[in-house]
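Have a look at the structure below, then the notes.
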Amino acid sequence: MTAAASPLEAVITAVAEASEGAVGALGALTGPIAEWLRRQPVGVLRSLDRRFRDRGVLARLGLSPMDAWTVEHLEALPHDEALVVQVLCSLQRDGYARQAAVVGLAALPVDRWSLAALVNRVADPVPAVATEAVRVLQGQLGRAAAHQLVSVLPMVDAVRSSRRARDAPILATVEALVAEAPAALRAGQASAREDVRLACLRRRLKSTEALPALRLALVDPGPSVRRVARDAVARMPRDVQEALVDVMEASRSPDIRLVALRQRRREHDVHAVRTACFDPSVDVRFYARRYHRALGGGDLRPDALAVCASASGAGPLVGALALLSDVGTRADVQAVRPFLSDPRGRVAREAARTLALLEGG
């Protein structure tokens, strides 16, 4: 691929330069382009769309928009090559080129990228292109597997956010087909792609599977998924929140653990609140100590020293050291000093901070 200012512009350059030469040259590019696409979320088509149609970007790269004639002659390419190229051609600035690419996708096997490209064109500013995209997409939906539909849900969400296609009936059809495949949604929430997990979560929250969906989402590695789960829990009835409190306590998000802490306070669970006093998050520790005092909890210093003396993980150790910076005495300096050389950076940093406070106190 020709070097450019960004990976997106590298793709634009590669396609444009090959189209100016020979159609066969486009086929030679599908390997690296397909490999690049495989690593991207389907939403990257929206970013490519904006760049392909930006005269400023094309001019800066010294390129010309692809014309419809070039797109129409892509039928000479094998199917596996034509699919990648037609998807990229559906993003061209020339409306006739986009329409020709949409027509070309109709004859190709159903793929998550072809589905995503068609959903993207449903919001096309040219009515003829949008109408053609709807027609071809209707045909592909009959051949698409449930997991393929789930994989393009992030694109459906992106297109729904546009004024032109917000209420498009074809998108409602996609939603109806996905709703009939709860197993595919469950599998989608375990996808390696954060955007797919988020899209599946939003739909499962509206179904009878909201509780198991939240159990997964609250400990999801993706921040966007956890944020949606946190907000959903806040709207749930009290009994659902109680059922999820153990999962929330295990979340990597401090704000979700804080929701769990407040639930434990309502339950007057002194032990759980005391445990939260050793949380690595300063916000969680602050409220945990407040609630601990309100519930009549005892002195936390012995527990903090016990954690420091044990082979605890980095999280509890950071919490214990931070707690000693508040409730410790000069006598605790010797318990803290060994952690200055701890290989775990956050433990060593917290030890240095605590030691400075204890020695200066």
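Report the net charge of residues surrounding residue 356, where surrounding means a beta-carbon distance below 12 angstrom and charges are Lys +1, Arg +1, Asp -1, Glu -1. Charge balance near residue 356 sits at +1. Estimated from the Cβ-Cβ distance and a Förster radius of 35 angstrom, the FRET efficiency linking residue 107 and residue 172 is about 0.85. With distances taken between every two different alpha-carbon atoms, region 252-361 has a Kirkwood hydrodynamic radius of 14.0 Å. Computed extension length for residue 342-residue 187: 51.8 nm, one decimal, from 0.36 nm per residue of separation with the Cα-Cα distance subtracted. The string of couplings for region 88-105 from the Karplus curve (6.51, -1.76, 1.60, θ = phi - 60°) is 5, 5, 5, 9, 5, 5, 6, x, 5, 5, 4, 5, 4, 5, 4, 4, x, 5 Hz, one whole number per residue in order, with x for Gly and Pro. Between residue 252 and residue 349, the distance separating the two model label sites (each 7 Å from Cα on the Cα→Cβ line) works out to 1.6 nm. Evaluated with a Cβ-only charge set (Lys, Arg +1; Asp, Glu -1), region 73-186 carries a dipole of roughly 340 debye about its Cα centre, given to the nearest 20.
3J(HN,Hα) couplings calculated from phi for region 246-256 with the Karplus curve 6.51 cos²θ - 1.76 cosθ + 1.60 (θ = phi - 60°) are, in sequence order, 5, 5, 5, 5, 8, 5, 7, 8, x, 5, 6 Hz; Gly and Pro show x. Kirkwood's formula applied to the C-alpha pairs of region 303-361 gives a hydrodynamic radius of 10.8 angstrom. Note on residue 293 and residue 208: the model spin-label points, each 7 Å out from Cα along the C-beta direction, lie 4.9 nm apart.
Give me the one-decimal nm value for the distance between modelled label points at residue 126 and residue 179, 7 Å along each residue's Cα-to-Cβ direction. Calculated label separation equals 3.4 nm.
What does the net charge come to around residue 160 if you take all other residues with beta carbon closer than 13 Å to its beta carbon, with K and R at +1 and D and E at -1? Taking every Cβ under 13 Å from that of residue 160, the sum is +3.
Bear in mind that the values in this text are calculations on the coordinates, not laboratory data. All values reported here derive from a predicted model rather than from experimental measurement. When we count neighbours, we look across all protein chains shown, and the Cβ atoms used for this are built from the backbone with ideal geometry, even at glycine.
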